[in-house]
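Trainee: I have a structure here, written as structure tokens, and I will follow up with some questions on it.
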Amino acid sequence: MTVHIPISVLDNIVWPAVVGGKQTMYLAMLFQMEQSQWWSEDELVSAQLGQLSLLLQHAVTTVPYYKKRYSEIPFDFSGRLTLNEWRRLPILTRDDLQKAGNSMNSRAVPKRHGKLNGQHSSGSTGKPVSIKQTELCGVFFRALTLRESLWHRRDMRGKQAVIRHSKEDLKINPQGLKTSSWGVPFAGLYKTGPGVFMHSSVSIEDQAAWLLREQPDYLLAYPSVLHELARYFIKHKLELSCLKQTRSFGETLDDVTRETCRQAWGVTVVDGYSSQEIGNIAFQCPEHEHYHIQSEGVLVEILDEAGNPCPPGEAGRVIVTPLHNFATPLLRYAVGDYAEFGEACDCGRGLPVIKRILGRTRNMATLPDGSKFWPSFGMDEFERIIPFSQIQLVQRSFEHIEVRLVTDVDVTTEHELALARHVRKRFDFVDQVTFSYLDEIPRSVTDKYEDFLSEV
């Protein structure tokens with residue numbers, strides 16, 4: 001068992017530690033969350049509604065957008081909300097947020113919530129948005145981040161490697177960046193091992209060489225980066241002898257990537273679900289591969305197309321409300337993802353379960369009748385037909401799918417016929433399958449990757 005003792009601010013006192021500064025807030029929140037994670041669903045919802053009542057009162061009195069939009073809703077905003085009343089509020093879309101602009105921002109942010117910070121989304125949906133957050137939002141984010149690491153019993157004395165997007169100039173440096181600690185929120189609260197950073201735009205070959213030099217204990221990266229790295233390590237029979245765990249974020253994690261990482265490195269992948277506008281939404285359970293919603297920070301709803309709550313096992317739109325952003329309140333915000341709830345977890349936590357995160361609407365295939373579904377197209381079978389570095393399927397029309405490939409193999413007619421048969425087996429409504437061969441399939445502006453896109 002890994003024991004983590006905080007850093008004491010008093011000379012000659014190491015245990016129990018006397019903690020100072022913001023670290024006292026982190027520990028106070030962790031103490032409360034240690035209790036609340038075991039609450040029942042009703043207890044969690046009751047606490048959330050108490051916080052949401054205050055947030056809603058603030059929004060309708062200080063935020064021009066809500067003051068106008070909610071003026072025709074017939075109920076008393078000054079009282080304590082019920083869940084049915086909450087569900088009567090309209091959904092806030094990304095388009096709404098983009099068009100509202102500065103009218104989404106509060107004109108009277110509580111001063112004790114701290115300084116305001118701007119947050120600009122990546123625009124991966126094609127609709128970039130900007131919001132404001134308070135310092136307090138950051139405190140909640142970091143406390144939840146600490147919870148996730150403690151849940152998964154990481155030894156913070158180890159070396160942590162991170163591969164992700166960055167706006168810094170160091171992104172083109174294949175040698176990466178070294179730091180003396182894991183950074184905020186870990187540094188200052190616990191003694192940690194070193195951290196190393198690599199930009200995700202660096203080639204897989206250079207990323208692999210960097211990892212071999214650094215030999216980290218923990219690796220954090222986008223799922224697509226982990227998958228490409230794992231395949232590279234398997235192909236070249238390379239090892240990361242110190243690696244204890246891989247972590248993923250920012251993209252949808254699939255079972256193929258989990259299994260490929262197990263084959264390459266003999267470790268599990270621990271996934272997290274977050275967004276730039278919201279922060280932490282759900283973390284993988286310490287005992288299972290599903291996710292626990294972080295109810296102390298967000299209220300998550302999953303709704304069908306009619307706006308009704310989805311039962312466990314039914315996929316629907318993810319609607320999220322951060323509980324503590326009084327600068328730009330996001331009330332019932334449609335983040336653009338689809339997911340499905342799961343049944344209560346046998347780990348004993350009352351935090352609601354997300355069984356699967358399916359991705360965004362543009363990652364859904366469209367049938368000729370206009371209905372949509374989440375495609376599963378058998379990556380293993382593609383690779384049995386032809387080895388590749390990258391693959392992406394693009395639905396150009398109801399009847400047409402383009403297969404984009406990056407491969408070193410001399411592609412034959414037999415390869416293409418076999419690939420086309422496999423595509424039609426998975427998409428039986430498709431008549432036309434075409435192929436494009438690229439040197440590289442580009443990622444988004446934040447280096448995220450999608451293996452299926454629909455243009456329909």
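The values are calculated or read from the model by the stated rules, or taken from the named source; none is laboratory data. Here the structure is a predicted model, which means the values were calculated and not measured. Here Cβ is always computed from backbone atoms with ideal geometry, including for glycine, and neighbour counts include all displayed protein chains. To get the accessible areas, we keep the full protein, side chains included, count just its heavy atoms, and leave off ligands, DNA and RNA. Shrake-Rupley method; radii C 1.70, N 1.55, O 1.52, S 1.80 Å.
Trainee: Of all residues in the stretch 54-103, count the ones that are of a type in the set (K, R) and under 21 Å from P128 (Cα atoms). Give the derivation first.
Mentor: First pass over the stretch 54-103, keeping only residues of a type in the set (K, R): 67-69, 80, 87-88, 94, 99.
If we keep only those that are under 21 Å from P128 (Cα atoms) too, we end up with 94, 99.
Of the residues in the stretch 54-103, 2 are of a type in the set (K, R) and under 21 Å from P128 (Cα atoms).
Trainee: Please specify each residue of the stretch 56-67 satisfying the condition of being out of contact with any helix residue (DSSP H, G or I) (no Cβ under 7 Å at 6 or more places or on another chain) and within 22 Å of G307 (Cα to Cα).
Mentor: L56 - this is the single residue of the stretch 56-67 that is out of contact with any helix residue (DSSP H, G or I) (no Cβ under 7 Å at 6 or more places or on another chain) and within 22 Å of G307 (Cα to Cα).
Trainee: Here are some conditions: (1) assigned to a helix (DSSP H, G or I); (2) within 27 Å of Y291 (Cβ to Cβ); (3) of a type in the set (S, T, Y). S166 meets all but one. Which one does it not meet?
Mentor: (1)
Trainee: So, restricting to strands (runs of 3 or more DSSP E) that lie completely within the stretch 275-389, which ones have at least 2 residues that are under 30 Å from H400 (Cβ atoms)? Spell out how you get there, then give the answer.
Mentor: Values: elements: 279-284, 291-293, 298-303, 316-322, 333-341, 353-360.
Those strands (runs of 3 or more DSSP E) span 316-322, 333-341, 353-360.
Trainee: Here's a check for you: in the stretch 1-16, which residue that is polar (S, T, N, Q) and surrounded by 10 or more Cβ atoms within 10 Å (Cβ to Cβ) is modelled with the lowest pLDDT? Full working, then the answer.
Mentor: Of all residues in the stretch 1-16, those polar (S, T, N, Q) come to 2, 8, 12.
Still in the list and also surrounded by 10 or more Cβ atoms within 10 Å (Cβ to Cβ): 2, 8.
Values: T2: 75, S8: 90.
Of everything passing the filter in the stretch 1-16, T2 is modelled with the lowest pLDDT.
Trainee: Here's another thing I want to ask about it. Does any residue in the stretch 187-205 that is open to solvent by 30 Å² or more (accessible area, probe 1.4 Å) and part of a loop (DSSP other than H, G, I, E, B) come within less than 6 Å, Cβ to Cβ, of a residue that is basic (K, R) and modelled with pLDDT of 95 or more six or more places away or on a different chain, and which pairs are these?
Mentor: Close Cβ pairs (under 6 Å, with a partner that is basic (K, R) and modelled with pLDDT of 95 or more) amount to P194/K159.
Trainee: Further question: So, in the stretch 376-389, of the ones that are in contact with a strand residue (DSSP E or B) (Cβ under 8 Å, 6 or more places away or on another chain) and either open to solvent by 30 Å² or more (accessible area, probe 1.4 Å) or acidic (D, E) (or both), which residue ends up modelled with the lowest pLDDT?
Mentor: If we filter the stretch 376-389 for residues that are in contact with a strand residue (DSSP E or B) (Cβ under 8 Å, 6 or more places away or on another chain), which is where we start, we get 377, 379, 382, 386, 388-389.
Add one more test, that the residue is either open to solvent by 30 Å² or more (accessible area, probe 1.4 Å) or acidic (D, E) (or both), and what stays is 379, 389.
Working: M379: 72, S389: 80.
Per the stated criteria, the residue is M379.
Trainee: Okay, next question. Kindly evaluate S106 against the criterion of being polar (S, T, N, Q) and touching a helix residue (DSSP H, G or I) at 6+ places or on another chain (Cβ under 6 Å). Give the steps one after another, and end with the answer.
Mentor: Numbers: polar (S, T, N, Q): yes; touching a helix residue (DSSP H, G or I) at 6+ places or on another chain (Cβ under 6 Å): yes.
Against the criterion (polar (S, T, N, Q) and touching a helix residue (DSSP H, G or I) at 6+ places or on another chain (Cβ under 6 Å)), S106 qualifies.
To keep it simple, each residue is scored yes or no on (1) under 30 Å from G118 (Cα atoms); (2) β-branched (V, I, T); (3) in contact (Cβ under 8 Å) with a residue 60 or more places away in the chain.
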position	(1), (2), (3)
N308	no, no, no
E314	no, no, no
A334	yes, no, yes
F341	no, no, no
P375	no, no, yes
E383	no, no, no
H400	no, no, no
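Trainee: Out of everything in the stretch 103-114 that is under 26 Å from the mean Cα position of the chain (by Cα) and either in a helix (DSSP H, G or I) or free of Cβ contacts under 8 Å to residues at least 12 places away in the same chain (or both), what residue ends up being surrounded by the fewest Cβ atoms within 10 Å (Cβ to Cβ)? Outline the logic, then answer.
Mentor: Of all residues in the stretch 103-114, those under 26 Å from the mean Cα position of the chain (by Cα) come to 104-105, 113-114.
If we keep only those that are either in a helix (DSSP H, G or I) or free of Cβ contacts under 8 Å to residues at least 12 places away in the same chain (or both) as well, we get 104, 113.
On the way: M104: 24, H113: 18.
Looking at residues that are under 26 Å from the mean Cα position of the chain (by Cα) and either in a helix (DSSP H, G or I) or free of Cβ contacts under 8 Å to residues at least 12 places away in the same chain (or both), I get H113.
Trainee: When you go through (1) without any contact (Cβ under 8 Å) to a residue 12 or more places away in the chain; (2) buried (at least 24 other Cβ atoms within 10 Å of the Cβ) one by one for V318, which number turns out not to apply?
Mentor: (1)
Trainee: Of the residues that sit in the stretch 404-419 and are in contact (Cβ under 8 Å) with a residue 24 or more places away in the chain and within 22 Å of V225 (Cβ to Cβ), which one is most open to solvent (accessible area, probe 1.4 Å)? If you could, list the steps in order and put the result at the bottom.
Mentor: Filtering the stretch 404-419 for residues in contact (Cβ under 8 Å) with a residue 24 or more places away in the chain gives 404-407, 411, 415, 418-419.
Filter again for within 22 Å of V225 (Cβ to Cβ), leaving 404-407.
Details: R404: 52, L405: 1, V406: 16, T407: 32 Å².
Top of the filtered list is R404.
Yes/no matrix, rows are residues, columns are (1) farther than 26 Å from G158 by Cβ; (2) open to solvent by 80 Å² or more (accessible area, probe 1.4 Å); (3) in contact with a Pro (Cβ under 8 Å, 6 or more places away or on another chain):
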position	(1), (2), (3)
G21	no, no, no
W38	yes, yes, no
D42	yes, yes, no
Q51	yes, no, no
A59	yes, no, yes
F75	yes, no, no
L81	yes, no, no
N84	yes, yes, no
R94	yes, no, no
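Trainee: Would you tally the residues in the stretch 420-439 being assigned to a loop (DSSP other than H, G, I, E, B), touching a strand residue (DSSP E or B) at 6+ places or on another chain (Cβ under 6 Å) and open to solvent by 20 Å² or more (accessible area, probe 1.4 Å)?
Mentor: Final tally of qualifying residues: 1.
Trainee: Return the total of residues in the stretch 195-240 being touching a strand residue (DSSP E or B) at 6+ places or on another chain (Cβ under 6 Å), among the hydroxyl-bearing types (S, T, Y) and over 23 Å from M156 (Cβ atoms).
Mentor: 1
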